[in-house]
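These notes are about the structure you will find just below.
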Amino acid sequence: MTAIRKYLEEYKDEMIELLGELVAIPSIMGESSDNMPFGENPVNALLLMLNRCKQYGFSVDNVENYAGSADINDLEPALGILTHLDVVPAGSGWSCDPYVLTRRGNKLIGRGTIDDKGPAAAAVFAARAVRELKIPLKKGVRLIFGTNEENGSSDLSYYRTKRKLPPMVFTPDGEYPVINGEKGMLRVYFSTILDENVEISAGEVINAVPSMCSVKIRDDITVYSGKSAHASTPEKGENAITKFLSDYRGNSRAIKSIQQCFQHGDVGGQSIFGYNSGNFTCVLSMLNTVENSLKGGVDIRYPLDRTKADVSRIICEKLQSSGLTIESCEGSEPHYTNENSEFVRKLIKVYEKVSGEKGKCITIGGGTYVHEIDGGVAFGAEYPGGSGNMHSADEFITIESLLKNAEIMAEAIIEICS
């Protein structure tokens, strides 16, 4: 057992305790107010983490409650480890309270355990291990904690106007070995005037497959059940909205116009793009009655060889030709970091050392926290073939995974900054 692993085993209970305190804060985006850009709970999670880091001897910095950081030494930061403390709403289907860390065998269950509070806690204890074991470093390390990754990362955008990022940044907001490619992302919001007395309620966030769709037509209420999943992997879920649309036999022009654009089981957007779109994913993730209108949201992920302008044009033309009004169409281009960079090679080396598995670079549909950071990559926190029910009910991280994430991050600090 290495000195790093021995340290982490010794402080395992304290790491789990920190994770439990973070999970207990329902840090979903709320209403903005003075000194609370994304609501009260994201700020509370940030303050908790910065206070803990200060107690551990780090130098902390709070950038107006948008994001904060902790430096583990007084050297100029060369490496940034970027995590976020905000979470998606709990949703339905939990077997326990999503905001109470519940231990079942080797599993730690709670909203944020894998995305991204567990990895954030692991990053802190990785840095503590390096610091308290007095492992000599020639370069500085900065832990950065954000509060708005799940709703557009405007926290990070603001932080970057006030602070300079280290030249090398990784985030444990994805999976191992190393994610160096991320698909482009498009989020389209549309509306249409209702021509029938229908109340629909489905989808709380745009980046998750909706697990429930409640429909009230006159006095009859029907609830359609699906299965939640991250919008980048819709094949792992079942869309409750399109389940309703496939069942609808009424006369509403508004609903029929949406129905013709989104077919149940079509996770690749063939109904939109007119062909088997391969590396595309397309999710009608929100549909809600607002006064006399239906408002919807669509999440699209597209491959590295496409552009935002091209994809935007296709979907907007399709929705408009079906009689829908485009409210907004925002997104980002694909992200790519050279797999032969020294930074990436060192991360792969660390992964192979700790895991004993062959390392490689991969491209994913999900947009990680480094999507807009040149040279940034995702490094963890899920392992190949594993699942922590990210964005779904009974989200979890195993205790071994928590420890191994911390170990890998500690070894990365040593490899890059010694």
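For residue 183, give me every one of the lysines with a C-alpha distance below 16 angstrom, ignoring sequence neighbours fewer than eight places off in its own chain.
308
Considering only protein heavy atoms, what per residue accessible area in square angstrom results for region 1-158 with a 1.4 angstrom probe? Please list the in-between numbers first.
Working: 6260 Å² over 158 residues.
Averaged over the residues of region 1-158, the accessible area is 40 Å².
Using the alpha-carbon atoms, what tilt in degrees (0 to 90, nearest 10) does helix 399-417 show relative to the longest principal axis of the chain?
With rounding to tens, the tilt is 60 degrees.
Considering only protein heavy atoms, what per residue accessible area in square angstrom results for region 347-418 with a 1.4 angstrom probe?
Working: 2430 Å² over 72 residues.
The answer is 34 Å² per residue.
How about region 329-371: which GluC sites (Glu not before Pro) there lie in a loop by DSSP and see at most 15 other Cβ atoms within 10 Å? Could the numbers behind the result be given before it?
Values: sites: 330, 339, 342, 352, 357; in loops: 339, 357.
Here the sparse-neighbourhood loop sites are 339, 357.
May I ask you to evaluate 6.51 cos²θ - 1.76 cosθ + 1.60, the Karplus curve with θ = phi - 60°, for each residue of region 377-386 and list the ³J(HN,Hα) values in order in whole Hz, giving x for glycine and proline?
Listing the rounded values in order: 9, 9, 9, x, 9, 7, 9, x, x, x Hz.
Between residue 218 and residue 157, what length in nm is gained on full extension when 0.36 nm per residue of separation is reduced by their alpha carbon distance? Please report the intermediate quantities before stating the final value.
Working: separation 61, 0.36 × 61 = 21.96 nm, distance 4.50 nm.
This chain segment gains 17.5 nm when fully extended.
At a Förster radius of 22 Å, what calculated FRET efficiency corresponds to the Cβ-Cβ distance of residue 304 and residue 355, to the nearest 0.05? Mind dumping the intermediate values first?
On the way: r = 26 Å, r/R0 = 1.20.
Taking R0 as 22 Å, the efficiency between residue 304 and residue 355 is 0.25.
Could you tell me which of the pairs 353/404; 12/107; 360/404; 117/139; 107/346 are separated by over 20 angstrom between their Cα atoms in the structure shown? Intermediate results must be reported in sequence, preceding the final value.
On the way: 353/404 12 Å; 12/107 14 Å; 360/404 18 Å; 117/139 26 Å; 107/346 30 Å.
The pairs that break the limit, which is 20 Å between Cα atoms, are 117/139; 107/346.
Using the Cα centre of the chain as origin and beta-carbon charges of +1 (Lys, Arg) and -1 (Asp, Glu), tell me which of 180, 271, 53 is placed farthest towards the positive end of the dipole.
180
Could you work out how far apart the two model spin labels at residue 340 and residue 59 are, taking each label as a point 7 Å from the Cα in the direction of the beta carbon, and quote it in nm?
Here the modelled spin labels are 3.8 nm apart.
Restrict the search to region 214-311; then list the chymotrypsin sites (Phe, Trp or Tyr not before Pro) that DSSP places in a loop and that have at most 12 other Cβ atoms within 10 Å of their Cβ.
Values: sites: 224, 244, 248, 262, 273, 275, 280; in loops: 248, 262, 275, 280.
Counting only loop positions with at most 12 other Cβ atoms within 10 Å, the chymotrypsin sites (Phe, Trp or Tyr not before Pro) in region 214-311 are 275.
Might you tell me the accessible area per residue for region 216-329, computed with a 1.4 Å probe and given in Å²? Walk me through the numbers on the way to the answer.
Values: 5400 Å² over 114 residues.
Counting only protein heavy atoms, the per-residue value for region 216-329 is 47 Å².
When the accessible area of the chain is computed with all protein chains present and a 1.4 Å probe, what percentage of it is carbon and sulfur?
Values: 7850 of 17120 Å².
Result for the chain: 46 percent of the exposed heavy-atom area is carbon or sulfur.
Please give the net charge around residue 176, taking every other residue with its beta carbon less than 10 angstrom from that of residue 176, where Lys and Arg add +1 and Asp and Glu add -1. Spell out each step's value before the answer.
Details: positive: 360, 404; negative: 175, 357, 382.
In short, -1.
What nm value, rounded to one decimal, do you get for the distance between residue 328 and residue 21 when each label is placed 7 Å out toward the C-beta?
3.5
When a/c is below 1.5 the answer is rounded, else prolate if a/b is larger than b/c, else oblate, so apply that to region 55-177 with a ≥ b ≥ c taken from the square roots of the Cα gyration tensor eigenvalues. Each step should come with its number before you reach the end.
Details: a/c = 2.29, a/b = 1.43, b/c = 1.60.
Oblate, because a/c is 1.5 or more while a/b does not exceed b/c.
Could you give the length gained on full extension between residue 236 and residue 132, defined as 0.36 nm per residue of separation minus the Cα-Cα distance, in nm? Walk me through the intermediate numbers first.
Working: separation 104, 0.36 × 104 = 37.44 nm, distance 4.18 nm.
33.3 nm is the gain from fully extending residue 236 to residue 132.
Below 13 Å, Cα to Cα, which aspartates and glutamates can residue 256 reach? Residues fewer than 8 away in the same chain don't count.
Those aspartates and glutamates meeting the cut-off are 195, 196, 247.
Just check region 183-223 against the gyration tensor rule for me: Cα atoms, a ≥ b ≥ c as the square roots of the eigenvalues, rounded for a/c under 1.5, and otherwise prolate or oblate depending on whether a/b exceeds b/c.
Values: a/c = 5.16, a/b = 1.74, b/c = 2.97.
Oblate is the answer for region 183-223, as a/c is 1.5 or above yet b/c matches or exceeds a/b.
Grab the other residues whose beta carbon is less than 14 angstrom from that of residue 318, score K and R as +1, D and E as -1, and report the net. Could you put the intermediate results ahead of the total?
Details: positive: 313; negative: 266, 310, 317.
Every neighbour counted, the sum reads -2.
Take the alpha-carbon centre of region 79-139, take the same for region 187-236, and report the distance between them in whole Å.
30
Give, as a single signed number, the net charge of other residues whose beta carbon lies under 10 Å from the beta carbon of residue 98, with Lys and Arg counted +1 and Asp and Glu -1. Show your work: numbers first, answer last.
Working: positive: 111; negative: 97, 394, 395.
Surrounding charge for residue 98 is -2.
Sort region 1-86 into rounded, prolate or oblate with this rule: let a ≥ b ≥ c be the square roots of the eigenvalues of the Cα gyration tensor; rounded if a/c is under 1.5, and if a/c is not under 1.5, prolate when a/b is larger than b/c, oblate otherwise. Please list the in-between numbers first.
Numbers: a/c = 2.68, a/b = 1.49, b/c = 1.80.
Taking the square roots of the gyration eigenvalues as a ≥ b ≥ c, region 1-86 is oblate.
The values are calculated or read from the model by the stated rules, or taken from the named source; none is laboratory data. These numbers were taken from a predicted model, which means no experiment stands behind them. Reconstructed Cβ throughout: ideal geometry from the backbone, glycine too, with neighbour counts over all protein chains shown. The accessibility values were calculated without ligands, DNA or RNA, using every heavy atom of the protein model including side chains. Shrake-Rupley method; radii C 1.70, N 1.55, O 1.52, S 1.80 Å.
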